[in-house]
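Report on one structure; see the data block that follows.
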Amino acid sequence: MSPSSPASLAPILSLQGVRKSFRGREALKGVSLELRRGELLGFFGPNGAGKTTMIRCISGLLEPDAGTIQRRAADADADASSVRLGLVTQNLSVYPDLTVRQNLEVFGRLEGVARPALQQRIVEVLEWAALQDRTRCLARNLSGGMQRRLNIACSVLHEPDILLLDEPTVGVDPQSRERIYEMLGDLKDQGAAVLLTTHQLEEVETRCDRVVVMDQGVIVADGELDDLVQRTLGRRHRVVLTFHRPCDRSVAAFEFNEGRTTATSSAASMAELSQILSMLKHLEPAPDRIEVSNHGLQDVFLELTGRSLRE
Amino acid sequence: MILTILRIMYLRLRNNPAELLLAFVMPIAFFTIFAAIFSNGISSGVEKKLRVGWIAQRATDVDGQLKDFLEKNSTIECRGLAANPFLNDPVQTGEFESVTDADVEALIAEAQRSGRFDLIVRLPSDRTEDASDRDSPARLPIRLVTDGQNPLALAMVTSVIQGFAARKEAEWAAERLLRAPPAPPPTAGGPDRPGVELPPTAPLDGPWADAARLLRRRGTEPSTGTAESGSPAAYGLDPEQAARSASPLGLRLDGMLDVDGMVVEADGLCTGPRFLDPDRSPASVRVVGAAAEFEPPAAWEERPRQPPQGASLDLPSPSGQPWPTAAASVQLSRQGVVFHAAAASAGPGPAHAPVGRAPEGARSAPAAPAPRPSLELLVENPPSALQPNPRIAMYAAGIAVLFLLFASTGHAATLLEEAESGTLDRIMVGKARIFHVLGGKWLGIFLLGIVQISVMFLWAELVFRIQLGQHLDGFLVMTCCTSAATASLALLMATLCRSRAQLHAVSVVLILSMSALGGSMIPRFAMSDRMKEIGQWTFNAWALDGYQKVFWYRAPVSSLLAEATALTGSALVMGCLTAICSQRWKSA
């Protein structure tokens, strides 16, 4: 199914006012969310924000105290239970003392993949995860990146409609991380709805279609990155001046840090940015470094969740 | 789904040589060590003798006889404590006086530390009287020194020495009788009435006193009777017999050392009141005991089954007349021991009675010469006792159950491992449910347990010949039930614990406690009744009792109903508890 087809626009997963408490502590405080086919949703939040609880509720491992979680099949007449779900947990949820192929076999069977189709599907998934030359290798003997890829591969054997990933790239090198995002991109292109939680913000900025920020059991932001920046910070561009020695002069539109070695300003548009930069031509002392960048997800994240430690 | 979970267990085991080693090779190694230890000791056909050390600081004949007695005992291996011969046997070397208490105590301490003796017999020098004075037996103290490692040693050696003491007392009693002057003719029943005066009333005196004292020491209080001395009725003779009896009755001492203890059984033969019982009255009187140095008279040499160390004596009748001709044979039977009391006879030879329970009429009928009383002990072994190495099968079962518990807990711990790693979450998100996971794991542990026990017993069959083939049906029943209970217990512990570390700590304590109480470490037959009762709360005990029935008593499968019910029932109960406790993993 193509992500651009009409069906892809309809949400395959809907959460409405989901609440969940543990011994009086409310982990989810009325979470509402939609996930569409062919969408890669980045899910962010500080530790303890309730991300894992939400994923466990979506996957059926926890029953919410209140609210509804609905899965919708592509075919309106089909049963919601026909929507296949895949889960990639934060830990390596494979059997370390089974080989790569054995892991794929047993998880394929546990997912209900028919035996005749399973072997073919294993070949496809091995190639997709670039593990085809490690089929006889015990999982515990694989590199960290390979183990992560195997971890994901074991969850897609049954071609899930929804794939939930809880920090799937923890502790892997950039090459493996790049490969994992390529794999997720492939799934998205095949029409699967992918929801991932991660702290790798830079890659999500460029790869996720939509970003949801959660804090203290509540979704505090939901949308595309530019919209979030605009709504959260109001200004898109940022200018940072760095001085070797403290600058004793004030500069219009810039805010200095306490040591007066760094000054920061922001601009809502390119015209405003040009104007700020033109003011720097006559600045004495001249800054040693001028850095111009766009506001990113981290700025939004910190703006929304604050800079204080949560744990 | 269950089969897939089962396949995961199989693949994990196959891919882990160390786990395979732990599951199969380690138990066999431990079992072989246990079997090797016990097969050379209490469990084999060759029973281990009690190791008794000997040290004497005095030299009397009695002490020497005691040492000979201990050395001849088939259950005892009696040796001197030290290499120095005069310390070991000062009686022989004549140097006992040079042995000091310090020497002896040092020897004993060294011997105990070496572990060479189960018990040490010490004869200290502090005797009260001269043992050679037979009329006044000396107090000869015997000290038994034990470090308590062999709890049976003290009881066994005490029993043997008490037996020796009883024998010596009997000998002394008989000797006194021999040396006693002939009793004067009875007067109580009339001067013309022949007979020997019996102990009609207390206190007993004369030649009967020693016998009476002997009986008292043995816990049999001779009753005083009302018989008149010399009265034929006092000897159990009816008037007709008395009429035939032209001669005074006499006493006969008959050595019966080979039937030690019969003096109590046969008290009717030598105590006063028995003579008043016409049904049990003999025509002659026997006092048990023998003088070793006394040679039986020629007239008795024809008697069959004369005990080699026994001796008989016909006391001269007080009147100097021949012994009565009213011969009778009496048979007494008590507690399955049949013995005969021969009739006194002044005829051409003593009568012989057939061995066995005599008919009523045989008591007064003149008969063939009766054999000496004899005790025949027959050890009846059930078929179970005749099979080789039944105890080895018990050790195999004990070790198998112990390791089965550890192995099962280890496999059940994979449940917690999967929960911690998120694998269980992944499985539960798919088609499988917790029922499938638990079912698959239970089945896997159950089958693995059967294989593990089977491998253990196959090894025992190959090496120790436990006759597995003859007990196959009972073995399969017990193995299946035991494995089922083990699997349920392991999964219950896994669902109750929150982490593998917690499970490990709990399981080690529980398994070792159960195994100790249930007989996997210490055979249950060596436990007290109280400990056996406590052990019944563990299914190790039920399992081992079942295997014992199968391999030791050769019991049919139907006799395993109690064990099979207990094990299967506990498996079911624990399985239900596991299902309840596993709800925390149940998916929404």
Could you count how many residues in region B:548-566 are surrounded by fewer than 16 Cβ atoms within 10 Å (Cβ to Cβ) and part of a helix (DSSP H, G or I)? 5
From the options A:T206, A:T262, residue that is among the polar types (S, T, N, Q), more than 30 Å from A:R25 (Cα to Cα) and crowded, with 17+ Cβ neighbours inside 10 Å: A:T262
B:G64 being loosely packed, with under 15 Cβ neighbours inside 10 Å, at pLDDT 80 or above and under 30 Å from the mean Cα position of the chain (by Cα): yes
Filter result for A:T206 (β-branched (V, I, T), in the same structural domain as A:V125 (by TED's automatic domain parsing) and over 30 Å from A:P287 (Cβ atoms)): no
Does B:A501 count as within 15 Å of B:T409 (Cα to Cα) and either in contact (Cβ under 8 Å) with a residue 24 or more places away in the chain or among the hydroxyl-bearing types (S, T, Y) (or both)? no
Restricted to region A:20-64, and to residues that are basic (K, R) and in a helix (DSSP H, G or I), which residue is nearest to the other protein chains (Cβ to nearest Cβ)? A:R56
Give me the residue from region A:74-111 that is small (G, A, S) and touching a residue at least 40 places away in the same chain (Cβ under 8 Å) and, out of that set, nearest to the other protein chains (Cβ to nearest Cβ). A:S93
Boolean, A:D173 is among the acidic types (D, E), within 13 Å of chain B (Cβ to nearest Cβ) and either in contact (Cβ under 8 Å) with a residue 24 or more places away in the chain or touching a strand residue (DSSP E or B) at 6+ places or on another chain (Cβ under 7 Å) (or both): no
Can you tell me which of A:L33, A:L28, A:L85 is buried (at least 20 other Cβ atoms within 10 Å of the Cβ), closer than 22 Å to A:L195 by Cβ and in contact with a Lys or Arg (Cβ under 7 Å, 6 or more places away or on another chain)? A:L28
For region A:51-103, give me the residue count where each residue is out of contact with any helix residue (DSSP H, G or I) (no Cβ under 7 Å at 6 or more places or on another chain) and among the hydrophobic types (A, V, I, L, M, F, W, C). 9
Within region B:494-517, can one find any residue that is at pLDDT below 90, surrounded by 15 or more Cβ atoms within 10 Å (Cβ to Cβ) and among the small types (G, A, S)? yes
On the given criteria, is B:A541 of a type outside the set (D, E, K, R), at pLDDT 90 or above and under 31 Å from the mean Cα position of the chain (by Cα)? no
Checking B:Q470 against (1) within 14 Å of another protein chain (Cβ to nearest Cβ); (2) out of contact with any strand residue (DSSP E or B) (no Cβ under 9 Å at 6 or more places or on another chain), which single condition isn't satisfied? (1)
Scanning region A:136-149 residue by residue, those more than 14 Å from chain B (Cβ to nearest Cβ) and surrounded by fewer than 15 Cβ atoms within 10 Å (Cβ to Cβ) turn out to be A:S143, A:G144
If a residue counts only when it is at pLDDT below 75, which helices (runs of 4 or more DSSP H) contained entirely in region B:83-146 have at least 1 such residues? B:85-88, B:90-93
Residue check, B:S520 against (1) under 37 Å from the mean Cα position of the chain (by Cα); (2) buried (at least 17 other Cβ atoms within 10 Å of the Cβ); (3) part of a helix (DSSP H, G or I), all met but one. Which one? (3)
Extreme residue, nearest to B:M1 (Cα to Cα), among residues of region B:420-443 that are among the basic types (K, R) and facing chain A (nearest Cβ under 10 Å): B:K431
Has region A:146-168 got at least one residue that is in contact with a strand residue (DSSP E or B) (Cβ under 8 Å, 6 or more places away or on another chain) and among the basic types (K, R)? no
Unique match (being in the same structural domain as B:C497 (by TED's automatic domain parsing) and under 23 Å from the mean Cα position of the chain (by Cα)) among B:M527, B:M574: B:M527
In region A:173-203, which residue that is of a type in the set (G, A, S) and at pLDDT 85 or above is surrounded by the fewest Cβ atoms within 10 Å (Cβ to Cβ)? A:G185
Only one of A:L150, A:L110, A:L98 is out of contact with any Asp or Glu (no Cβ under 8 Å at 6 or more places or on another chain) and within 21 Å of A:K188 (Cα to Cα), namely A:L150
Could you figure out which of (1) crowded, with 22+ Cβ neighbours inside 10 Å; (2) under 17 Å from A:D166 (Cα atoms); (3) more than 15 Å from the chain's Cα centre (by Cα) isn't true of A:M54? (3)
Scanning region B:1-28 for residues that are among the β-branched types (V, I, T) and facing chain A (nearest Cβ under 10 Å) gives B:T4, B:I5, B:I8
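The values are calculated or read from the model by the stated rules, or taken from the named source; none is laboratory data. These numbers come from a predicted model, not from an experiment. Note that we place each Cβ from the backbone using ideal geometry, even for glycine, and neighbour counts take in every protein chain shown.
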